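Working notes for the structure below.
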Amino acid sequence: MHSEQSHTPQHISPLVSFIIPTYNVPTYMIKDCLHSILSLSLRPAEREIILVDDGSQKCVIDELDDAKEDIIYIRQRNQGQSAARNMGLKMATGKYVQFVDSDDRLITPVYEHCLDLIRFKQPEMVVFDYTNKEKQQVLFKDHDERTGIDYMTNCNIHGTVCDYIFSRDIIGGVRFVEGIIHEDENFTPRLLLKAKRVVVTDAKAYLYNTRTDSTTNKRTPEAIAKRLDNKLYVIEGLRKLALQSPTDERVALSRRVAQLTMDYIYQIIIETKSRTELDTRLEALKQKQLFPLPERDYTNKYKWFRRMTNSEIGLTVLLHTLPLMSRER
């Protein structure tokens, strides 16, 4: 592979490197994912598709005959999604990077708008929207360009890295923490701090598929505890970074920490449905000075949730109503 690249005329880099980590995902889903990328208007020289097989039980490349010539396939021992994504970053040569989970896909016609934004505006990052239903949007609303710090200070950012196209130049030493879940929540804020030119669009360009056997949906007590512990680990890491950062970065990160803490409390209630577990974890948050939630006017939902979690009656109501509301969705 290195020798082939060394003979490429003018050493022209692809416009976008698509990094796809996969682990025991059905082949038809991987094919759908690849098709959504290969159907884009990008010429072969403008795209780089890196499929990182994180130790699947069977070697998936053997079943991807139609796409073999269009992808870089890397197979490694099972180390988790973070390690697979980091390997993809190590291999990427494109001007921009796009992560796509192998059981999801891009909504090709809508994603073309995101490609147009990087072609014509050349920002350091494009933030787009997602959906679980394929929608053929025709009109898109794009917001004025801003810095990543400004975006994070004034908006609830998208946690998942798959909702961003970002310039490879801004990555620097930012990597995914290996061995944890919720690694996106640690990665994206750090990347936004480095982005000086961010374009946000309402284009719903990414299609999520929900798999009941995925890591984020396993219902065993051990899986739930790991998700919660890892979320708290990310929150603590971002809070530590905030305390060490200049004022503007600290303000931006503080909003993200408060939002993630709110999400964490919500997740405790939804996943455990246990007052004992809730009280234990809230006490731990108090010890870390993460609870009560700070009094800020971030959003109406945040203000409402803060008030509810600040009283015994409110916590009781949340514990009885949130699981029911979650099931009804």
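The values are calculated or read from the model by the stated rules, or taken from the named source; none is laboratory data. The shown structure was predicted, so the numbers you read here are calculated from the model rather than taken from an experiment. Using ideal geometry, Cβ is built from the backbone for each residue, glycine included, and neighbour counts are taken over all protein chains shown. Note: accessible area is taken over every heavy atom of the protein model, side chains too, but ligands, DNA and RNA are not part of it. Shrake-Rupley method; radii C 1.70, N 1.55, O 1.52, S 1.80 Å.
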Item to complete: With r as the distance between the Cβ atoms of Phe120 and Asp229 and R0 = 41 Å, compute the FRET efficiency 1/(1 + (r/R0)^6) and round to 0.05.
Response: 0.40
Worksheet item: How high is the relative contact order of the chain, in percent, counting Cα pairs under 8 Å that sit 6 or more residues apart?
Response: 16 percent
Discussion item. Rg over Rh of the range 236-329, using C-alpha atoms and the Kirkwood radius, what does it come to?
Written reply: 0.99
Discussion item. Over 15 Å apart: what share of the alpha carbon pairs of the range 87-146 falls there, rounded to a whole percent?
Written reply: 58 percent
Fill in: Cross-link reach list, lysines versus Lys303, counting only Cα pairs under 20 Å and skipping chain neighbours closer than eight places
Lys286
Item to complete: Taking only the C-alpha atoms, wrap a convex hull around the range 52-209 and report its volume per residue in Å³ as a whole number.
Response: 128 Å³
Worksheet item: To the nearest 20 debye, what is the magnitude of the charge dipole of the chain about its Cα centre, counting +1 on the Cβ of each Lys and Arg and -1 on the Cβ of each Asp and Glu?
Response: 980 debye
Discussion item. From the gyration tensor of the Cα coordinates in the range 178-297, what semi-axes in whole Å does the equivalent ellipsoid have, largest first, with each one equal to sqrt(5λ)?
Written reply: 25, 21, 13
Fill in: Dmax and Rg, reported as Rg then Dmax, of the range 13-112 (C-alpha, Å)
12.4, 35
Discussion item. On a 23 Å Cα-Cα criterion, which of the cross-link pairs Lys58/Lys95; Lys218/Lys273; Lys121/Lys301; Lys90/Lys240; Lys90/Lys141; Lys95/Lys133 come out too long?
Written reply: Lys58/Lys95; Lys121/Lys301; Lys90/Lys240; Lys90/Lys141; Lys95/Lys133
Response to the item:
Among Ile20, Tyr208, Ser245, the residue whose Cα sits farthest towards the positive end of the charge dipole of the chain, when +1 is placed on the Cβ of each Lys and Arg and -1 on the Cβ of each Asp and Glu, is Ser245
Worksheet item: Per residue, how much accessible area does the chain have with a 1.4 Å probe, in Å²?
Response: 49 Å²
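Tell me, what are the semi-axes, in whole angstrom and largest first, of the equivalent ellipsoid of the range 148-192 as set by the roots of 5 times the Cα gyration tensor eigenvalues? Mind dumping the intermediate values first?
Values: eigenvalues 59, 38, 17 Å².
Value: 17, 14, 9 Å, ordered largest first.
So how do 66-77, 156-167 stack up, highest first, on mean other-Cβ count within 10 Å?
Values: 66-77: 13.6, 156-167: 20.7.
Answer by packing, highest mean first, reads 156-167, 66-77.
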Discussion item. So if I take the alpha carbon set of the chain, get Rg, then get Rh from the Kirkwood formula, what is the Rg over Rh ratio?
Written reply: 0.97
